[in-house]
Amino acid sequence: MGFTLEKLSSDYFQSISQEQRDSLITDKLFLINRMYPYISEIIMVDYSQTKSYSMTLLNGRDIKLDYDFFSSMLLKDLQSMENRKIILPPHFPEYIFSRTEKVSYPVITIGLNIFDNRYYTPEKPTGSMLINFNPEIFLSKAIDIDQDFPGRFLIMDKKTNVILFDTETILQGETFNEDFFTQPLYQLRKINLSWNDLILVQISDDNKIQDLYKKNRILILLIMTLISSVLLLTVFYLSHLMRRRLKPLLHSMENIKHGDFNSQIKISHIDEFSLIEEAFNKMCTTLDDYINRVYKAELLTQTSQLKLLKQQFNPHFMYNTLQSIQMKALINKDQETSEMVQILGDIFRWSLKEKAEVSLGEELHFLSRYIDLQSFRFKYKLSLDIDIPIQLQSTPVLKMIFQPLLENAIYHGLGNLEKKGKFRLSVSDQKNILMFKIEDNGDGIDKEKLDLILHSLQEKKEADESHIGLMNLHNRVTKYYGNSEIGITSIISSHKGTTIFLSIPKRDARKDIKQ
């Protein structure tokens, strides 16, 4: 807090009336008193105008209007102070008039000299200011510094003059002497109060400190005992909880050890352990599924190998036998039988090729020969309409990819057909995919059986024997191309016929041919 009178002699104050000057100073003092409510009174003395100004906001506490501050020894002493400041210990100022005991209390007075900065003369201040404080303000500040201090407080200025000693008047106004407290039963501690150039001295009785230490030590021991007990109980509880939560997991792991991969843990809580239990259940399910798939794959492989051995049993012997039958038919002038055997021989010889892929044109030629052979059975009532662009016929496709579809249609849809059976094969070029469309005019597939077939294709489950050819073809295509999104993608059937959609990846001509 500060205040200046540098304008008391300025041109501005010279140009205003005395009444305006007094009002301006009074307003300033009122503002200071209002901003700092812990100030009891504030008095300002103007030596150049021989006037005094005072302000207090306390009800029932006034400043005597007839008091002559210029004759006060306090102001005379203050003017002679080199440091421009004086602090008086608690006292009852003679210029204060109190109407009630409630506001009748001693004050600590801080006296300040005021100088005009334009004409600064250390020996001649322009004015002085007296600011009175309630001593309880200093005590509350001291207590705030160390609320748990077991002793008394003493406040002194830089010259060790005692300003305040608790609420007693002992030593107040005297010079502080540490000899007064040199007994071994006392301890002193000094703290600089930077906010007011004062020194706080804490005076404690050593016996009280020891008592406080003993009490605190007992309290600390009790708290440590309580904390240790709580920690032990917490450890035992957590240990019990972990054992209880881990027990089902260990039990399931033991089941897996003995081959039971269907072991599942019942999740009863939502916490960190539940994440482990959920992951363990998922691992068991995945592992069981994987083992089943591997087991089924091995069975399928063994079955396929067995079938392959049966199919490959002395193929050259079979082909030579067919040639012999053909020659016998020619000798007997049985042209139809000879032609049937020749077509069958061509088909048999073509199927024995070890290539996994052939060109689309070769596959279509084989398909035409297969229809020619079946036409003998149905007295030439079968026809095949191929709508394939010439530029796609060099595209590699999996060998014998269409024959199972036509065979399935002939066997199930055209067996009792009295009218002419028609097949139509077309293709849709969809950038990286070739979508083949195979249509027939057979009896169709009833809805219940069609749903069963589509479900088997989607879930990759075994179909019934009547349509196992479709399932084998679908699995063969998806496994060969390594893409589960291709193969037989859709089947549409009605009493007017059946349409099957078969998709395969589009490849460059005569490239990536697997042997």
So is Gln335 more than 30 Å from Lys431 (Cβ to Cβ), exposed (fewer than 15 other Cβ atoms within 10 Å of the Cβ) and not assigned by TED's automatic domain parsing to the domain that holds Tyr481 or not? yes
Within region 114-133, take every residue that is of a type in the set (S, T, N, Q) and at pLDDT 85 or above and give me the one that is surrounded by the fewest Cβ atoms within 10 Å (Cβ to Cβ). Asn132
State whether the residues of region 218-241 include one that is part of a helix (DSSP H, G or I) and at pLDDT below 80. yes
Based on what the data block shows, is Phe92 modelled with pLDDT of 85 or more and more than 28 Å from Glu19 (Cα to Cα)? yes
For Ile401, state whether it is within 60 Å of the chain's Cα centre (by Cα), without any contact (Cβ under 8 Å) to a residue 12 or more places away in the chain and more than 18 Å from Asp346 (Cβ to Cβ). no
In this structure, does Lys379 turn out to be assigned to a loop (DSSP other than H, G, I, E, B), farther than 16 Å from Leu470 by Cα and not acidic (Asp, Glu)? yes
Apart from one, (1) in contact with a strand residue (DSSP E or B) (Cβ under 7 Å, 6 or more places away or on another chain); (2) part of a helix (DSSP H, G or I) all hold for Ile386; the odd one out is (2)
Could you list all residues from region 272-283 that are exposed (fewer than 14 other Cβ atoms within 10 Å of the Cβ), under 19 Å from Ser239 (Cα atoms) and at pLDDT 75 or above? Leu275
Just to be sure I understand the filter: pairs with C-beta atoms under 7 Å, separated by 6 or more residues or on different chains, first member in region 278-299 and over 10 Å from Asn262 (Cα atoms), second member of a type in the set (Phe, Trp, Tyr). Which pairs pass? Ile291/Phe261
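Just to be sure, is Leu406 within 55 Å of the chain's Cα centre (by Cα), in the same structural domain as Ile488 (by TED's automatic domain parsing) and not in a loop (DSSP other than H, G, I, E, B)?
Spelling it out, it is not the case that Leu406 is within 55 Å of the chain's Cα centre (by Cα), in the same structural domain as Ile488 (by TED's automatic domain parsing) and not in a loop (DSSP other than H, G, I, E, B).
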So which of Asp387, Asp440 is surrounded by fewer than 13 Cβ atoms within 10 Å (Cβ to Cβ) and either over 16 Å from Ile491 (Cβ atoms) or not small (Gly, Ala, Ser) (or both)? Asp387
In region 338-377, anything surrounded by fewer than 16 Cβ atoms within 10 Å (Cβ to Cβ), within 18 Å of Pro404 (Cα to Cα) and acidic (Asp, Glu) is listed as none
When you check Lys449 against the structure, is it in a strand (DSSP E or B), surrounded by 13 or more Cβ atoms within 10 Å (Cβ to Cβ) and at pLDDT 85 or above, yes or no? no
Go through region 25-106 and tell me which strands (runs of 3 or more DSSP E), entirely inside it, have 1 or more residues that are in the same structural domain as Glu123 (by TED's automatic domain parsing), touching a residue at least 60 places away in the same chain (Cβ under 8 Å) and not small (Gly, Ala, Ser). 39-46, 85-91
For region 221-267, how many residues are surrounded by 11 or more Cβ atoms within 10 Å (Cβ to Cβ) and in contact with a Pro (Cβ under 8 Å, 6 or more places away or on another chain)? 1
Please enumerate the residues belonging to region 37-57 that are surrounded by fewer than 16 Cβ atoms within 10 Å (Cβ to Cβ) and modelled with pLDDT of 85 or more. Thr50, Leu57
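The values are calculated or read from the model by the stated rules, or taken from the named source; none is laboratory data. Bear in mind the structure is a predicted one, so any value in this text is a computation, not a measurement. Every residue, glycine among them, receives a Cβ derived from its backbone with ideal geometry; neighbour counts consider all protein chains shown.
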